[in-house]
Amino acid sequence: MTPVTRQEVLGLYRKIFRIAKKWQSASGQIEETIKEKEYIINEAKTLFRKNKNVMDPKLIKQCIEECEARIEIGLHYNIPYPRPIHLPPMGLAHKQGRTLRHQEKLRKISKPIYLKSHDEVS
C-alpha cells in the first residue's frame, strides 16, 4: 500500500468515527441514536479489519469508493444502515423454477457498489 493510499484509508477511518460521535438518529430518540452510533462503529471496525490485508490496488480503490459512497448515502438519508437494493419488477417470484433463478440473477446484477462487502459481513 502506498503512503498516499494509507493516509486516505486512515482518513476515512477517522472520518467515520467523527461522524459516529456527532450522529443523531432521524427519530431523535436517545436509545435509537445510541444504537445507530454503535452500529456505525462496529460496522467500520469489522469492514476495516476484514480488509486490512488487501494488497491489490484495484481492490483497495474499490473499498475506498464503497466507503465513500456509504458515508455520503448515510449522511444524505440520515440512515446508517445500507439502503436496500433495487428490486426489479416482478420481484416476488415463485419459490421454484426458472423465474426464481432469473430473479436471483437480476438481484445480483442490480446490487450497487456500496453493498458489495455488506453481504459478506452480515
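Derivation of every value follows stated rules applied to the coordinates shown; laboratory data play no part. The structure presented is a predicted model; accordingly, all values stated were derived computationally and were not measured. Ideal geometry is used to build each Cβ from the backbone, glycine not excepted, and the neighbour counts take in all protein chains shown.
Which log10 I(q)/I(0) values does the stretch 1-68 give at q = 0.20, 0.26, 0.27 Å⁻¹ under the Debye formula, counting every alpha carbon as one identical point scatterer?
At q = 0.20, 0.26, 0.27 Å⁻¹ the computed log10 ratios are -0.81, -1.13, -1.19.
Taking a 20 Å limit on the Cα-Cα distance, which of the listed pairs Lys15/Lys37; Lys15/Lys50; Lys37/Lys58 fall beyond it?
Working: Lys15/Lys37 13 Å; Lys15/Lys50 18 Å; Lys37/Lys58 30 Å.
Listed pairs above 20 Å: Lys37/Lys58.
Compute the length gained on full extension between Ile79 and Arg14: take 0.36 nm times their separation in residues and subtract their Cα-Cα distance, giving the result in nm to one decimal. Walk me through the intermediate numbers first.
On the way: separation 65, 0.36 × 65 = 23.40 nm, distance 1.90 nm.
Here the segment from Ile79 to Arg14 would lengthen by 21.5 nm.
Want the number for Thr5 to Gln29: 0.36 nm per residue separation, take away the alpha-carbon distance, what's left? Don't skip to the answer; put the middle values down first.
Details: separation 24, 0.36 × 24 = 8.64 nm, distance 3.77 nm.
Using 0.36 nm per residue and subtracting the Cα-Cα distance, I get 4.9 nm.
Could you order peptides 62-74, 4-16, 39-51 by the average number of other Cβ atoms within 10 Å of their residues, highest first?
Details: 62-74: 17.4, 4-16: 13.6, 39-51: 15.8.
Averaged packing, sorted descending, gives the order 62-74, 39-51, 4-16.
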